[in-house]
Amino acid sequence: MAKVNRRQFIKISSAFLASSAAASQVFDWPFQVKNAIAEEFLTADRIVPTTCEICFWRCGVDAHVRDEKVYKLTGQANHPLSNGRLCPRGNGGQGLLYDPNRLRHPLIRVTVNGKPQFRKTSWDEALTLIAERFQQITEQYGTESVAMFSHGFGASFFKTLFSAYGIRTFSAPSYAQCRGPRTEAFKLTYGHAVGSPEAIDVANSKYLVLLGSHLGENMHNTAVQDFSKAISRGCKVVVVDPRYSTAASKAEHWLPIKPGTDLALLRSWIHILINEKIYDVEFIENNATGLEELWEGVKDATPEKTYALTGIPVEQIVAVGRDLGRYGSSALIHPGRHVTWYGDDTQRERAIAILNALLGNYQMPGGLIQQEKYSSYKPKFPVARNAGQQFKSRYPFASSVPANEIVEQTISADPYPVKSWFVYGTNLIHSLGDQRATMEAIQNLDFMVAVDVLPAEITGYADVVLPECTYLERYDDLDNRTYRIPYLAIRQPAVAPLYDSKPGHEIARLLSMKMGLPDLFEADIETYLDKQLKEMGSSLSELKKSGVLKKEESDLYRKEGEMLRFKTPSGKIELASQRLKDAGFDAVPQYYPPPENPPGYFRMLYGRAPMHTFGRTANNRVLGELMPENELWVNEIAGHDMKLKHGEYVYLVNQDQVKSRTRIKVRLTQRIRPDAVYLVHGFGHTDPRMEFAFRRGVSDADLVTKLSVDPIMGGTGMNNNFVTFSRT
Ligand SMILES: Nc1nc2c(c(=O)[nH]1)N[C@H]1C(S)=C(S)[C@@H](COP(=O)(O)OP(=O)(O)OC[C@H]3O[C@@H](n4cnc5c(=O)[nH]c(N)nc54)[C@H](O)[C@@H]3O)O[C@H]1N2
Ligand SMILES: Nc1nc2c(c(=O)[nH]1)N[C@H]1C(S)=C(S)[C@@H](COP(=O)(O)OP(=O)(O)OC[C@H]3O[C@@H](n4cnc5c(=O)[nH]c(N)nc54)[C@H](O)[C@@H]3O)O[C@H]1N2
Ligand code: SF4
Ligand SMILES: [Mo]
């Protein structure tokens, strides 16, 4: 059990409320911005091309500035991830910049009259304290006792700093809580990951199968643009989802699958392709191993048996299976993105990887493609020699550090203690599931730092809170990732940082001085970026003007007769995996049924809404007005049976009798199966310093008390939680 009160959540500080009122006056929030948006004819003093950070896709955004205020954001025409457009969230980015509840000053936890409070402090005092505490803790427990959690590419400067200091443990919720199983499954099958942005040719696909992947609600800008291109070019879409999603409304087949049974369905399609010999025989003969073992492993997955497991009629299973054979290399089973669902996720993703291989769509139009970087140049930084122990995952195929494992180790101190967390841009309370474990781990820490832009829940538990300025007020590292159109893009400030906030690079540089690494960073970020850009054949002045440089579309497809080599042990695509077998797992994905609903309970499913990103936009006044709270989708008939009324507010109680802290509005609908309910993630905030988001809607994270951990790579399946309703 948690040691009570060791690190109490700091509830509210009157300083915040006072300062937020002042902010409204300064910015006349939100009307000033809204009026400006309405006045399209306004001319800007300057338009600054930069990179969006309302989510992690990194579109190119033009910030329109007048009188030193950003009054409009539009998509950069030339940037390959935006193509002149932003998603609704990107358009509402000023809502973050001018959020009256932004963190304004560094804060230190102090105890006054026995009660924890935050005290406003100077940067110097805050950073001195961090350096001192890190030194004490690493001297006492070793450098490995400090772990960093982050999300977003602003974290790069801190990773550089901590690597030079000897810290080795870096973790992000985009791995074990998001796409980790996809990464490992594709590596096991093809020897490389799918990447982000995904190396898939959706725009040219003729037949697209989406499992979950709710494009249109999942609003990754270019992914949605590609999806609409595909549809306008006549692509047939199949959506497998217990819920009639936006994508399902564009589909030829909506397969309202029994939740958690997708692997059975995928195995059945593999069965059909092999049994009817409608897979790409030549491609598989030349490029894959393990076909016989694969067939042995899926022989029992007949459509009839699959119907009984999934609830999808035999005719539909067969029709889609045969269509897949017919469309062959121009068909694509979308690999998904947030795939930590049921704990069998790596094997489900393996089945997706295998199916794509059987279609022969590898490096073919409409299938899996190759992408390139704009430049192979990467700045080199020193890495400490006397570093701490490398974190060793207990999951054999975890290529990154599962965040949940750090939580466990912070509680158990086994094999060594973790005593300090540095948390950059991730709200662990809402993103890791199993909040009780996260809280218990936090109680075991000697010291925690949170770097954020908002008073997100996680900051309430920190010893030091550092206010970063928003993406519209800072430089970051260059964006030089692989993409079909190799590009190089910059994030640069549109306006100066508000309040006493600072850019991450500046915080890291100041901290490096205190941590005894004064030569690690250039004296200023512009010199650093310019040096890199010169190595890449450009310059800071050029990129500041253009925002992005790009090359011609890379070679996406393989050439006729090209010999392919895969970075797997066999050099081929591995339909049956010896590596999995050696580690005690199924070489060919087998289906194990998920736990059934307890009587009277509904499986809790969650996802995205077009105008919000997780919990980070719930307090954004521009986006919040478009969607102020989440609703609970309940099947109409099931809801009537439970005596629920459309529009009434209820608490949710889960299988472990954990009750939601807040209430949610019921939406009775035919668009969901009767055994499941659905809500959008990111609501139900309980930190009162986020005045707009406070207590609006329910947090799914509060109710994820059961994690179904993937034994292969440690991903945390969250879909095996069940809820019922309570009016009190
Ligand atoms: N607007 C917006 N867009 C975003 C984000 C955001 O915060 N806001 N976040 C981005 C990020 S980081 C990610 S990872 C992606 C996530 O987006 P996706 O990868 O699309 O997420 P999923 O979890 O696959 O999608 C949730 C859908 O899966 C369905 N589902 C639930 N259980 C099952 C099941 O057992 N079987 C099947 N077939 N379907 C099921 C749900 O009903 C829901 O429609 O979105 C990205 N895009
Ligand atoms: N229950 C449940 N858990 C989930 C999910 C779910 O749908 N349901 N989704 C999973 C997925 S797919 C993912 S990718 C993860 C996402 O997990 P997180 O990345 O933790 O999600 P966010 O809520 O966006 O938290 C980001 C934090 O960064 C802060 N922030 C925003 N901009 C900046 C910035 O410029 N600088 C700094 N320093 N901070 C900034 C925000 O205020 C917020 O506190 O969660 C995973 N966990
Ligand atoms: S998808 Fe939307 S929120 Fe994400 S980076 Fe692009 S414009 Fe910004
Ligand atoms: Mo994600």
Would you confirm whether any residue within segment 389-404 is modelled with pLDDT under 95, touching a strand residue (DSSP E or B) at 6+ places or on another chain (Cβ under 6 Å) and away from ligand 2 (no atom under 16 Å from the Cβ)?
yes
Considering only residues that are surrounded by fewer than 23 Cβ atoms within 10 Å (Cβ to Cβ), among the hydroxyl-bearing types (Ser, Thr, Tyr) and part of a helix (DSSP H, G or I), which ones fall in segment 405-430?
412
Output the strands (runs of 3 or more DSSP E) that fall wholly within segment 63-163 and possess 1 or more residues being among the charged types (D, E, K, R) and either buried (at least 20 other Cβ atoms within 10 Å of the Cβ) or in contact (Cβ under 8 Å) with a residue 60 or more places away in the chain (or both), or say none.
69-75, 107-112, 115-120
Single residue of segment 588-623 satisfying the filter (surrounded by 22 or more Cβ atoms within 10 Å (Cβ to Cβ) and of a type in the set (Gly, Ala, Ser)) that is nearest to ligand 3 (Cβ to nearest atom):
609
Kindly indicate the residue of segment 287-303 that is in contact with a Leu (Cβ under 8 Å, 6 or more places away or on another chain) and of a type outside the set (Asp, Glu) and also nearest to residue 717 (Cα to Cα) among those meeting that condition.
294
Apart from one, (1) in a loop (DSSP other than H, G, I, E, B); (2) buried (at least 19 other Cβ atoms within 10 Å of the Cβ) all hold for residue 505; the odd one out is (1)
Hey, can you tell me all the residues within segment 46-66 that are more than 16 Å from ligand 1 (Cβ to nearest atom), in contact with a Lys or Arg (Cβ under 7 Å, 6 or more places away or on another chain) and either modelled with pLDDT under 95 or of a type in the set (A, V, I, L, M) (or both)?
65
Given the residues 229, 159, which is the only one that is within 16 Å of ligand 2 (Cβ to nearest atom), of a type in the set (Lys, Arg) and out of contact with any Leu (no Cβ under 6 Å at 6 or more places or on another chain)?
159
Any chance residue 238 is more than 28 Å from residue 708 (Cα to Cα) and either over 20 Å from the mean Cα position of the chain (by Cα) or away from ligand 4 (no atom under 16 Å from the Cβ) (or both):
no
Scan segment 263-270 and tell me whether some residue there is hydrophobic (A, V, I, L, M, F, W, C), in a helix (DSSP H, G or I) and either away from ligand 1 (no atom under 16 Å from the Cβ) or modelled with pLDDT under 95 (or both).
yes
From the residues in segment 433-485 that are of a type in the set (Gly, Ala, Ser) and near ligand 2 (Cβ under 8 Å from one of its atoms), which one is nearest to residue 158 (Cα to Cα)?
456
Out of the residues in segment 472-489 that are touching a strand residue (DSSP E or B) at 6+ places or on another chain (Cβ under 7 Å) and outside any strand (DSSP E or B), which is surrounded by the most Cβ atoms within 10 Å (Cβ to Cβ)?
472
Given the condition in contact (Cβ under 8 Å) with a residue 40 or more places away in the chain, surrounded by 23 or more Cβ atoms within 10 Å (Cβ to Cβ), closer than 21 Å to residue 378 by Cβ and in contact with a helix residue (DSSP H, G or I) (Cβ under 8 Å, 6 or more places away or on another chain), answer yes or no: does some residue in segment 455-462 qualify?
no
Selection status of residue 26, more than 30 Å from residue 436 (Cα to Cα), away from ligand 1 (no atom under 16 Å from the Cβ) and either modelled with pLDDT of 95 or more or not assigned by TED's automatic domain parsing to the domain that holds residue 503 (or both)
no
What about residue 441, is it in a helix (DSSP H, G or I) and in contact with a Ser or Thr (Cβ under 7 Å, 6 or more places away or on another chain)?
yes
How many residues are more than 22 Å from residue 484 (Cα to Cα) and not charged (D, E, K, R) when one looks only at segment 58-89?
8
Which of (1) within 13 Å of ligand 1 (Cβ to nearest atom); (2) among the basic types (Lys, Arg); (3) not assigned by TED's automatic domain parsing to the domain that holds residue 564 is the odd one out, the single condition residue 159 does not satisfy?
(1)
Return yes when residue 526 is without any contact (Cβ under 8 Å) to a residue 60 or more places away in the chain, in the same structural domain as residue 95 (by TED's automatic domain parsing) and assigned to a helix (DSSP H, G or I) and no when it is not.
yes
Within segment 690-716, how many residues turn out to be crowded, with 24+ Cβ neighbours inside 10 Å and outside any loop (DSSP other than H, G, I, E, B)?
4
Long-range neighbours under 8 Å by Cβ, at least six apart or interchain, first residue modelled with pLDDT of 95 or more within segment 646-660, second among the acidic types (Asp, Glu)
658/702; 660/702
Exactly one of 544, 514 is among the charged types (D, E, K, R), at pLDDT 95 or above and closer than 16 Å to residue 489 by Cβ, and that one is 544
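The values are calculated or read from the model by the stated rules, or taken from the named source; none is laboratory data. These numbers come from a predicted model, not from an experiment. Ideal geometry is used to build each Cβ from the backbone, glycine not excepted, and the neighbour counts take in all protein chains shown.
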